[in-house]
Amino acid sequence: MRTDIAQIVRLEDYRPSDFLIDRVELDVRLHPTATRVTATLSLRPNPKGRADAPLVLDGDEVSLTSVALDGRPLPDSEFEASPQSLTITQPPRGPFTLTIETEIDPTSNTKLMGLYRSSGNYCTQCEAEGFRRITYFLDRPDVMAVYTTRIEADKDEAPVLLGNGNRIEAGEIAGTGRHYAVWHDPHPKPSYLFALVGGRLGRVGKTFRTMGGREVELAIYVEAGKESRADYALDALERSMRWDERVFGREYDLDVFNIVAVSDFNMGAMENKGLNIFNDKYVLASPETATDVDYANIEAIIAHEYFHNWSGNRVTCRDWFQLCLKEGLTVFRDQEFSSDERSRPVHRIAEVKTLRARQFLEDASPLSHPVRPTQYREINNFYTATVYEKGAEIVRMLKTIIGPEDFRRGMDLYFERCDGTAATVEDFLAAFAEVTGHDLSHFARWYAQAGTPRVTVTGTYDPAAKTYRLDFTQATPPTPGQPDKEPMAIPVALGLVSRDGEPLQAASDRVSPQGVFLLDKAADSLAFTGVTSQPVPSLFREFSAPVRTSLDLSNEELLVLLRHDSDAFNRWQATQTVAMRLLVAQAKGDAVADSDLADLASALCAFMEADALDDPAFAALVLALPSEADIAQEIGRDIDPDAIHHARKAMRRRIGQACRETLHRFRDSLAERGPYSPDAASAGRRALRNASLDLLAAADAALGEQLAVEQVDDAGNMTDRLAALGVLMTLPGDAREAALARFEERYRDEPLVLDKWFTLQAAIPEDGTLERVRRLMEHQAFAIGNPNRVRALVGSFAMLNQVRFNAKDGSGYDFLADIVLQVDELNPQLAARLLTSFSSWRMMEKTRQTHAKNALQRIAGKPNLSRDVGDIAARSLE
Ligand code: PHE
Ligand code: ZN
């Protein structure tokens with residue numbers, strides 16, 4: 001009954017709903033196992049829909065108690081009900097109301113979609129198709145209604161009752177121990193933005209005055225006793241609101257803005273109108289329990305969800321194919337916010353690392369799909385790095401091509417014109433086409449064509465004529481359903497750098513004043529005149545397009561960029577490229593000249609001596625070599641993860657040895673003085689100091705162990721403690737096990753901290769790790785139903801531990817397959833996500849491929865698979 005993977009939803013089949021719902025009145029009487037929902041829907045036929053159509057409402061595991069039309073109870077002959085749908089066979093031709101009573105069981109809702117319980121509290125999750133698990137509805141984003149929600153609950157069980165919009169009424173129900181609150185949201189919204197919360201929660205809050213002078217009560221609700229851990233999130237919320245006013249001219253539009261943190265959540269957070277619900281991992285932070293990375297993530301996700309109020313809620317999506325319309329744009333907006341609040345180049349490097357690690361990986365896998373997919377079997381499987389991260393890159397490219405002023409004018413037009421509507425990617429692009437007069441139809445290919453383009457560039461210098469020419473070609477590899485590709489419109493931000501570090505003033509009429517060349521053909525060349533010495537080209541500055549590149553630059557030329565490029569991103573990229581070349585060659589067993597390794601090490605040491613302390617966060621990124629997964633991706637076929645692991649380990653040792661003195665000096669000079677502060681500059685100093693520890697330990701295990709043990713015990717904050725514990729994971733022995741035990745003892749009652757402890761151990765690249773992971777699944781803090789726990793332990797094993805997950809005997813794959821099947825019975829979304837760690841199985845060498853394929857086939861062949869897992873398994877095997 002659960003499996004129907006043949007049913008495919010197609011973009012081309014979109015048609016408007018036959019009915020519209022103008023108003024929804026909900027009465028929800030909360031009860032642990034029998035919550036009663038009465039929905040009164042004001043319906044009317046849609047003038048754009050089919051006349052004579054029956055009314056078919058969506059449902060999912062709801063049970064119907066009664067249904068009435070305009071107050072008249074409907075006899076069985078006039079409707080058909082199943083847990084999946086409610087059909088009114090002959091609805092009126094004009095406006096009418098439908099009153100539907102249903103009963104649901106939030107306690108046994110382990111899918112965490114619809115109404116469920118987390119640590120005893122009631123909460124909801126409705127995106128994408130969860131509202132239909134609460135009541136029967138036209139559960140599609142182009143049906144937008146004004147909601148009034150009455151929530152009733154036992155006063156002891158749920159003293160706090162929250163809904164969308166503003167609270168208009170509250171009271172007690174005498175003699176019953178129950179109370180209620182009524183919430184009204186004046187902004188029409190799709191059902192996926194509905195939310196309610198009931199529970200025992202602590203609160204922090206403050207008042208925010210908008211640019212228009214309106215007072216808004218901001219509040220964050222968390223587990224009682226943890227209020228102070230929400231202070232940073234509240235501060236981030238206030239800064240986000242201010243930033244959106246200043247940078248995009250967007251003002252908040254309700255009297256309250258509430259955020260609730262819950263412990264059981266499938267994703268990061270959810271932008272429900274006026275009532276964001278968060279995975280508590282992205283709200284709670286204290287210096288003792290959260291790392292610098294946690295603080296940065298909290299800031300980014302708080303901003304992301306807040307920004308959705310305009311890009312997502314005020315302007316929503318017509319259908320789920322348009323998901324990137326809200327997600328790509330909102331990721332772009334939160335990235336810009338973080339760049340402004342922190343360091344732009346450092347943040348850009350972090351973004352690109354994620355993009356490559358997740359989106360490029362996805363694009364090279366059987367799961368590759370366009371930023372706007374054209375079909376799906378299960379929409380939950382399309383909340384992907386491609387829709388989010390590549391979707392954000394498209395918005396960034398648009399801004400690069402048309403410039404910041406026109407970009408802002410286009411955004412203003414888009415918000416103004418589409419406010420209150422359910423829009424499409426075409427509506428978005430039309431706003432920019434209109435303000436610039438540009439034809440954006442070629443650019444629009446970025447939404448339709450999957451795969452990562454590869455751009456190949458060669459440079460030719462003519463000293464006599466003082467000219468320099470760059471020859472570009474581009475090609476995009478085939479992806480599922482798209483064998484042949486068209487050329488893309490690729491903005492190439494570039495400059496020329498001379499070998500002695502002087503910027504070269506070279507002219508080319510095809511480069512914009514902002515330094516951007518638009519490559520929109522399969523092949524093109526760019527000529528510069530007046531070039532007085534042989535230059536080194538600095539291409540794709542700030543990573544101006546999501547492409548892979550092949551450049552004919554020598555290692556020596558790349559290291560010129562490390563020293564002299566004015567673009568910080570490319571200084572970082574240059575070292576990564578050199579390191580990657582050497583790592584790939586070593587992992588493949590090709591000969592690598594010792595002098596090449598020595599040159600890289602000495603260039604890094606020289607850089608650190610000269611520049612590292614000017615920007616420690618940047619220096620820490622330069623010191624971090626490409627990950628094992630990055631190297632695997634670069635090799636692309638016949639991968640041997642063990643060889644990659646050894647090559648990387650050897651290079652880390654080499655750099656640690658070569659730069660030993662400088663690294664020791666950083667350990668001392670960057671030592672923490674004064675109390676912990678999560679700001680970017682302080683975090684940068686910690687990052688460089690901890691990167692130094694990591695390399696010192698790679699060079700000298702005994703010393704590394706001693707320093708790391710000291711730091712684990714003495715650290716004044718979680719960032720330093722966890723970094724040191726992480727270093728110990730590379731050093732087998734009693735000291736490591738003892739440190740792990742002390743850490744566990746100390747944080748026994750802190751699930752979010754124990755998640756870090758799970759993750760570190762799951763990633764240990766040693767033989768015994770699978771056994772260790774199995775043992776940890778028995779730990780008191782582990783829970784197979786909690787997504788954070790499962791991701792921290794099992795997800796990390798699959799995603800971070802290249803050598804053990806891809807063990808040659810297939811044990812890692814078999815383990816993951818077992819867990820996926822087990823989790824699928826409880827939470828299909830979580831199971832499907834775990835399963836995506838198989839996505840690069842075809843790139844492995846033969847033996848591993850065979851094991852992976854067997855594991856995938858075992859999953860695909862299991863009866864009663866969820867649609868989520870069935871879809872990923874089937875596509876992975878295609
Ligand atoms: N819309 C959420 C976001 O990106 C993500 C999400 C999707 C959360 C589906 C829950 C369920 O902000
Ligand atoms: Zn989002």
May I ask you to verify whether Leu725 is in contact (Cβ under 8 Å) with a residue 60 or more places away in the chain and assigned to a helix (DSSP H, G or I)? no
Taking segment 328-342 and keeping residues farther than 20 Å from Lys189 by Cβ and either away from ligand 2 (no atom under 14 Å from the Cβ) or basic (Lys, Arg) (or both) leaves Glu336, Ser338, Ser339, Asp340, Glu341, Arg342
Within segment 527-563, restricting to residues that are in contact with an Asp or Glu (Cβ under 8 Å, 6 or more places away or on another chain) and outside any loop (DSSP other than H, G, I, E, B), the one that is farthest from Ser595 (Cα to Cα) is Ser538
Taking segment 840-866 and the residues there that are surrounded by 19 or more Cβ atoms within 10 Å (Cβ to Cβ) and not hydrophobic (A, V, I, L, M, F, W, C), the one that is modelled with the lowest pLDDT would be Ser840
Going through segment 283-304 in order, the residues found to be within 15 Å of ligand 1 (Cβ to nearest atom), in a helix (DSSP H, G or I) and either buried (at least 24 other Cβ atoms within 10 Å of the Cβ) or touching a residue at least 60 places away in the same chain (Cβ under 8 Å) (or both) are Ile298, Glu299, Ile302, Ala303, His304
When you check Gln90 against the structure, is it assigned to a loop (DSSP other than H, G, I, E, B) and modelled with pLDDT of 95 or more, yes or no?
yes
Check on Val293, away from ligand 2 (no atom under 12 Å from the Cβ), in contact with a helix residue (DSSP H, G or I) (Cβ under 7 Å, 6 or more places away or on another chain) and of a type in the set (Val, Ile, Thr): no
Point to revise | Residue within segment 491-506 that is exposed (fewer than 15 other Cβ atoms within 10 Å of the Cβ), modelled with pLDDT under 95 and among the small types (Gly, Ala, Ser) present | key: yes
Picking from Leu760, Leu816, Leu821, the residue that is buried (at least 22 other Cβ atoms within 10 Å of the Cβ) and either touching a helix residue (DSSP H, G or I) at 6+ places or on another chain (Cβ under 6 Å) or part of a helix (DSSP H, G or I) (or both) would be Leu816
Condition set over 15 Å from Glu672 (Cβ atoms) and among the β-branched types (Val, Ile, Thr), scope segment 687-743, selection nearest to the chain's Cα centre (by Cα): answer is Val727
The residue that is surrounded by the fewest Cβ atoms within 10 Å (Cβ to Cβ), considering only those in segment 507-526 that are among the acidic types (Asp, Glu) and not in a strand (DSSP E or B), is Asp509
Among the residues that make up segment 82-93, is at least one of them farther than 18 Å from Leu162 by Cα, crowded, with 20+ Cβ neighbours inside 10 Å, in contact (Cβ under 8 Å) with a residue 40 or more places away in the chain and more than 37 Å from the chain's Cα centre (by Cα)? yes
The condition of being modelled with pLDDT of 95 or more, touching a Pro at 6+ places or on another chain (Cβ under 7 Å) and under 30 Å from Ser533 (Cα atoms) holds, among Tyr447, Tyr468, only for Tyr468
Picking from Leu325, Leu355, Leu367, Leu361, the residue that is of a type in the set (A, V, I, L, M), more than 22 Å from Met799 (Cβ to Cβ) and either within 14 Å of ligand 2 (Cβ to nearest atom) or modelled with pLDDT of 95 or more (or both) would be Leu325
Just one listed residue, out of Tyr122, Tyr192, Tyr116, is closer than 23 Å to Leu826 by Cβ, within 16 Å of ligand 2 (Cβ to nearest atom), under 27 Å from the mean Cα position of the chain (by Cα) and of a type in the set (Phe, Trp, Tyr), and it is Tyr192
Of the listed residues (Asp590, Asp630), the one being among the charged types (D, E, K, R), part of a loop (DSSP other than H, G, I, E, B), within 30 Å of Glu362 (Cα to Cα) and at pLDDT 95 or above is Asp590
Selection from segment 145-193 of residues in contact (Cβ under 8 Å) with a residue 24 or more places away in the chain, assigned to a loop (DSSP other than H, G, I, E, B) and either aromatic (Phe, Trp, Tyr) or on the phi > 0 side of the Ramachandran plot (or both) yields Gly165
Would you confirm, using the coordinates I've provided, whether Glu389 is within 16 Å of ligand 2 (Cβ to nearest atom), assigned to a helix (DSSP H, G or I) and under 30 Å from Arg469 (Cβ atoms)?
no
Scanning segment 235-252 for residues that are buried (at least 19 other Cβ atoms within 10 Å of the Cβ) and not hydroxyl-bearing (Ser, Thr, Tyr), the one nearest to Asn313 (Cα to Cα) turns out to be Arg250
Given (1) touching a residue at least 60 places away in the same chain (Cβ under 8 Å); (2) assigned to a strand (DSSP E or B), Asp142 misses just (2)
Among strands (runs of 3 or more DSSP E) entirely within segment 4-72, at least 1 residues that are touching a Gly at 6+ places or on another chain (Cβ under 9 Å) and among the hydrophobic types (A, V, I, L, M, F, W, C) occur in 19-29
Per the filter on segment 676-719, residues in contact (Cβ under 8 Å) with a residue 24 or more places away in the chain and either in a loop (DSSP other than H, G, I, E, B) or in contact with a strand residue (DSSP E or B) (Cβ under 6 Å, 6 or more places away or on another chain) (or both) are Tyr676, Pro678, Asp700, Gly716, Asn717
(1) within 30 Å of Arg685 (Cβ to Cβ); (2) touching a Phe, Trp or Tyr at 6+ places or on another chain (Cβ under 7 Å); (3) within 11 Å of ligand 1 (Cβ to nearest atom) all hold for Thr330 apart from (1)
Among (1) away from ligand 1 (no atom under 16 Å from the Cβ); (2) aliphatic (A, V, I, L, M); (3) surrounded by fewer than 23 Cβ atoms within 10 Å (Cβ to Cβ); (4) touching a residue at least 60 places away in the same chain (Cβ under 8 Å), Met411 falls short only on (3)
Filter segment 245-275 for residues that are within 19 Å of Pro188 (Cβ to Cβ) and touching a helix residue (DSSP H, G or I) at 6+ places or on another chain (Cβ under 8 Å); the one that is nearest to ligand 2 (Cβ to nearest atom) is Glu271
Only unsatisfied item for Arg396, checking (1) within 28 Å of Val143 (Cα to Cα); (2) surrounded by 20 or more Cβ atoms within 10 Å (Cβ to Cβ), is (1)
Among Ser533, Ser554, Ser525, Ser498, the single one that is free of Cβ contacts under 8 Å to residues at least 24 places away in the same chain and farther than 21 Å from Glu393 by Cα is Ser554
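The values are calculated or read from the model by the stated rules, or taken from the named source; none is laboratory data. Since we're looking at a predicted model, the values are computed, not measured. Neighbour counts are summed over all protein chains in view; Cβ atoms, including those assigned to glycine, are modelled from backbone coordinates with ideal geometry.
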